[in-house]
Amino acid sequence: MDVIIESLPQYWDGFLRTLFLAVVSGIIALVVGTLLAAARVSPVAALRGFSMAYVEVVRNTPLTIAFFFAAVVLPRLGVTFQQFEVAAIIALSAYTSAFIAEAVRSGVNSVPVGQAEAARSIGMKFGQVLSLIILPQALRTVVPPLINILIALVKNSSVAGAFYVLELFGYGKQLANEHGDAVMWVLVGVAFFYLLITVPLGYLAHQVERKVAIAR
Amino acid sequence: MKAFLTRRKSLLVAASAALALTLSACGGGSTGGGTNPSPVEKPSFAAGSTMEKLSSAGKVTIGTKFDQPLFGQKGLDGKPVGFDVEIGKLIAAKLGIPADKIEWVETVSANREQFIKQGKVDLIVATYTINDKRKTEVDFAGPYYEAGQALMVNKDNTSITKPEDVKGKNVCSVTGSTPAATIVEKYGAVLVPAATYSACLEPLRNKQVEAVTTDNVILAGFVNKEPDAFKLASEETFTKEPYGIGLKKGDTEFRNWINDQLEGFAKDGSYKKAWEATAGAVIKTAPDLPAIDRY
């Protein structure tokens with residue numbers, strides 16, 4: 001127990017970095033994922049194909065491979081960055097956006113076809129139909145799965161600890177090395193700080209859902 | 001569907017190529033065959049001493065590292081080789097125990113004190129730095145070698161020659177290790193943490209970190225493998241890591257005896273021979289035995 005109190009500065013630093021990774025990757029993934037979903041239902045065949053290929057490849061590849069690619073292979077190909085957080089954000093957002101895309105697509109499918117037909121009949125273009133009519137309704141129905149994906153993202157960010165980023169899990173390893181006699185408490189501390197992010201996120205989801213959810 | 005396949009394929013090819021490169025960097029051959037000191041015939045020791053017990057049992061259990069090139073590394077044939085192993089063999093020989101009667105046990109940094117306390121090993125020769133905290137749990141004979149922290153940089157790097165040069169720069173080291181703490185706290189480097197020292201090589205090659213830091217003997221192993229890519233920033237080390245032989249606390253008789261033997265090895269040349277057969281492959285000048293710490 002003393003270990004946790006004694007190591008609060010490390011935990012706090014790791015907590016902030018985990019939060020940073022999750023927030024930045026989460027925002028990027030939400031945007032990219034929604035765009036991918038839009039591409040998937042667009043009238044342009046090439047966009048549909050690209051979106052499908054991306055989602056299927058990334059969704060079926062282990063996250064560790066994505067990290068390996070971002071942190072080790074990209075620099076080999078000449079894309080270097082001095083901060084490994086960048087690699088982590090690339091890997092996490094690329095991975096998460098595939099799942100977001102599928103969630104949003106299921107939301108789009110849940111919007112009755114009549115909505116789109118009605119919008120087209122009053123002369124709206126595809127972009128307008130999607131952004132004004134379909135997506136607002138689609139997103140409201142997929143709040144719970146989206147939050148699930150974001151909670152998974154917070155936990156997935158721990159992989160960054162194995163790829164040169166000192167986030168919560170990275171500090172956990174460091175503290176476990178230092179305090180070989182209290183590894184269990186070190187891990188309890190790590191778990192506590194993850195819960196500090198994920199539990200409020202779940203609560204937030206509940207609130208958002210109550211406000212925006214529509215029953216069909 | 002075609003686009004999907006080619007995209008996936010190229011990704012896989014790139015990833016597996018990089019994986020192969022990393023794996024080859026981690027592998028590396030075992031260095032040196034080592035020597036086979038002949039055991040002393042029927043040595044006599046005071047009744048009840050640890051030496052007498054081990055000698056009459058005819059076998060000894062020695063802890064060492066299995067993953068430390070040049071010092072203690074277990075090859076595919078299952079026999080550990082390295083300077084630590086040689087020192088262990090020399091001591092066993094003085095107890096009248098031949099090398100093939102030594103039972104080698106892997107001791108990693110985290111379990112060394114516990115293994116001695118629990119009696120799982122009779123002694124430990126495992127790049128084991130003597131320090132005051134450890135002295136409260138176990139006793140140390142030696143030191144038999146003095147390593148020190150150093151920096152490894154890319155071959156073409158001329159901007160880093162001393163530890164003060166890494167202030168504010170990215171330096172890779174292993175999560176939670178003493179060298180990592182030293183380079184951050186004393187010299188103000190930005191730590192890039194890795195799981196193993198070999199994982200530090202990729203970022204160094206890609207210039208994402210400017211240096212890798214740990215004990216000079218470990219870095220020497222990497223430089224030896226890729227002399228065209230890496231070099232030591234300087235021959236000088238900036239910490240002192242005296243490697244000692246760990247044994248049960250309070251067994252002063254045994255400790256004094258080992259210390260006597262170490263001094264004997266230095267005198268009769270077997271210390272130098274052990275070095276040349278192992279770590280000498282990289283660090284050419286054989287070290288002198290450091291002054292024994294008889295506390």
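If the chain between A:Q115 and A:L16 were fully stretched, how many nm would it gain, using 0.36 nm times the residue separation less the Cα-Cα distance?
Details: separation 99, 0.36 × 99 = 35.64 nm, distance 4.32 nm.
Extra length from A:Q115 to A:L16 when fully extended: 31.3 nm.
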Label-point gap, in nm, between B:A286 and B:T161 - each point 7 angstrom along Cα→Cβ: 3.2 nm
Residue (of A:V86, A:G114, A:Y11) at the positive-pole extreme of the stretch A:1-148, dipole from beta-carbon charges: A:G114
To the nearest 10 degrees, how steep is helix A:45-59 against the longest Cα principal axis of chain A, on a 0 to 90 scale? 30 degrees
Of the peptides B:81-94, B:60-73, how do they stack up when ordered by the mean number of other Cβ atoms within 10 Å, highest first? B:81-94, B:60-73
Using a 1.4 Å probe on the protein heavy atoms, what percent of the accessible area of chain A belongs to carbon and sulfur? 68 percent
Given charges at beta-carbon only (K, R positive; D, E negative), |dipole| of the stretch A:58-216 in Debye: 660 debye
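Tell me what chain B gives for mean residue ellipticity at 222 nm when only DSSP H runs of n ≥ 4 count, each as -39,500 (n - 2.57), the sum divided by the residue total, rounded to 500 deg cm²/dmol.
Working: 10 runs with 103 residues, N = 295.
Per the formula, -10500 deg cm²/dmol.
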Using a Förster radius of 35 Å, what is the FRET efficiency between A:A213 and A:K155 based on their Cβ-Cβ separation? Nearest 0.05, please. 0.90
Of A:V190, A:A45, A:V212, which is farthest on the positive side of the dipole of chain A, counting Cα position, with +1 on Lys and Arg Cβ, -1 on Asp and Glu Cβ, and the Cα centre as origin? A:A45
Please identify the DSSP H helices in chain B that span no less than 30 Å along the helix axis (Cα) and have a mean Kyte-Doolittle hydropathy of 0.0 or more. B:2-26
Per the 1/(1 + (r/R0)^6) rule, R0 = 41 Å and r from the Cβ atoms of B:T61 and A:L8, FRET efficiency to 0.05 is 0.50
Find the relative contact order for the stretch B:97-188 and round it to a whole percent, using C-alpha pairs within less than 8 Å whose residues are 6+ positions apart. 16 percent
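Charges at C-beta only: +1 for Lys and Arg, -1 for Asp and Glu. How large is the resulting dipole of the protein assembly as shown about its Cα centre, in Debye rounded to 20?
Values: 51 positive and 46 negative charges, 471 e Å.
So the magnitude is around 2260 debye.
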Report, ordered by chain and residue number, the lysines lying within cross-link reach of B:K225, taken as a straight Cα distance under 16 Å and ignoring same-chain residues fewer than 8 apart. B:K155, B:K284
Might you report the magnitude of the Cβ-based charge dipole of the stretch B:103-214 about its Cα centre, with Lys and Arg at +1 and Asp and Glu at -1, to the nearest 20 debye? 300 debye
Which one, B:G88, A:A152, A:L36, projects farthest toward the positive side of the charge dipole computed for the protein assembly as shown from Cβ point charges (K/R +1, D/E -1)? A:L36
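Quantify, in whole percent, the carbon and sulfur part of the accessible surface of the stretch B:153-295 (1.4 Å probe; protein heavy atoms only). Display every interim value, and only then the final one.
Working: 3260 of 6360 Å².
Answer for the stretch B:153-295: carbon and sulfur cover 51 percent of the accessible area.
Give me the percent of DSSP beta bridges within chain B that run antiparallel, rounded to the nearest 5.
Values: 20 of 34 bridges.
So the antiparallel bridges amount to about 60 percent of the total.
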Going by a 1.4 Å probe on protein heavy atoms, which residues of the stretch B:136-183 end up with at least 20 Å² less accessible surface in the whole assembly than in their chain alone? B:N170, B:T175, B:G176
Calculate, for the protein assembly as shown, the solvent-accessible area per residue in square angstrom, rolling a 1.4 angstrom probe over the heavy atoms of the protein chains. 47 Å²
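Roughly how much accessible area, to the nearest 100 Å², goes out of reach of solvent when B and A pair up, both sides summed, probe 1.4 Å? Can you show the working numbers first?
Numbers: alone 14840 and 11710 Å², together 24250 Å².
The buried area between B and A, both sides summed, comes to about 2300 Å².
For an R0 of 51 angstrom, estimate the FRET efficiency from the Cβ-Cβ distance between A:S131 and B:K207 and round to the nearest 0.05. Mind dumping the intermediate values first?
On the way: r = 43 Å, r/R0 = 0.85.
Approximately 0.75, to the nearest 0.05.
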Expressed to two decimals, the stretch B:79-190 has a Cα Rg over Rh, using the Kirkwood radius, of 1.07
Summarise the partner chain shielding of B:194-207 as one whole number: the mean count of Cβ atoms from other chains within 10 Å of each residue's Cβ. 3
Taking Lys and Arg as +1 and Asp and Glu as -1, residues besides A:S25 with C-beta under 15 Å from its C-beta add up to 0
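How much of the DSSP beta bridge set in the protein assembly as shown is antiparallel, as a percent to the nearest 5?
Values: 20 of 34 bridges.
Rounded to the nearest five, the antiparallel share is 60 percent.
Could you grab the relative contact order for chain A? Cα pairs under 8 Å, six or more apart, rounded to a whole percent. It would help to have the intermediate numbers written out before the result.
On the way: 240 pairs, mean separation 64.5, N = 216.
This gives 30 percent for chain A.
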Enumerate by residue number the GluC sites (Glu not before Pro) in the stretch B:98-148 meeting two conditions: DSSP loop (anything except H, G, I, E, B), and at most 15 other Cβ atoms within 10 Å of the site's Cβ. B:E137
Shielding by partners - mean other protein chain Cβ count within 10 Å, residues of A:64-77: 4
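The values are calculated or read from the model by the stated rules, or taken from the named source; none is laboratory data. Note that the structure is predicted; figures quoted are calculated from it, not measured. Quick reminder, even Gly has a Cβ in these numbers, built from the backbone with ideal geometry, and neighbours come from all protein chains shown. What goes into the accessible areas is simple: the full protein's heavy atoms, side chains included, and nothing from ligands, DNA or RNA. Shrake-Rupley method; radii C 1.70, N 1.55, O 1.52, S 1.80 Å.
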